Amino acid sequence: MKKYRSTNIRSGIIIYLIVLILVSSFNLYSQSSKVSSLDENEIGNLVSKLQKKVLLTDSQAGSIKSILNSYSAETAKLQSGQNSKFSTKQDLINDSSNKIVSLLDEKQKMKFDIIKESWWKEIFSEEND
């Protein structure tokens with residue numbers, strides 16, 4: 001009787017562990033397969049907000065749209081494990097930020113420096129929606 005109960009408990013524990021592993025694997029897969037990127041509308045809104053805050057010219061706004069399009073494509077590559085020019089997302093963020101700063105005049109750089117952290121947070125928020 002004791003041997004039967006011990007085997008039964010052991011079988012129950014094994015089944016429980018298998019179910020737990022399967023559920024965990026499914027959750028990890030669904031999280032890793034979600035590739036977030038920005039669409040054209042989101043990029044347009046982000047650039048428009050930046051244009052108002054930093055007083056971008058139309059030419060600068062167009063260039064920043066291109067930078068954000070590239071950023072979005074590279075983010076998708078990083079998240080899906082495809083070959084990317086960047087080894088980490090932080091490298092991508094730094095590169096994109098540097099490209100944006102290179103387009104700005106001194107006054108715009110000062111304004112951008114003040115708002116860039118909140119602007120990037122807004123980008124991250126849009127990516128995750």
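Laboratory data are not the source of any read-out in this text; all were calculated from the coordinates shown. Since this is a predicted model, take the numbers as computed values, not measurements. Positions of Cβ are backbone-derived with ideal geometry, glycine not excepted, and every protein chain shown enters the neighbour counts.
When region 108-129 is filtered for residues that are more than 23 Å from residue 39 (Cα to Cα) and in contact (Cβ under 8 Å) with a residue 24 or more places away in the chain, the ones remaining, listed by number, are 108, 111. Taking the listed residues 72, 102, the one that is without any contact (Cβ under 8 Å) to a residue 60 or more places away in the chain, buried (at least 16 other Cβ atoms within 10 Å of the Cβ) and either not in a helix (DSSP H, G or I) or not aliphatic (A, V, I, L, M) (or both) is 72, with no other qualifying.
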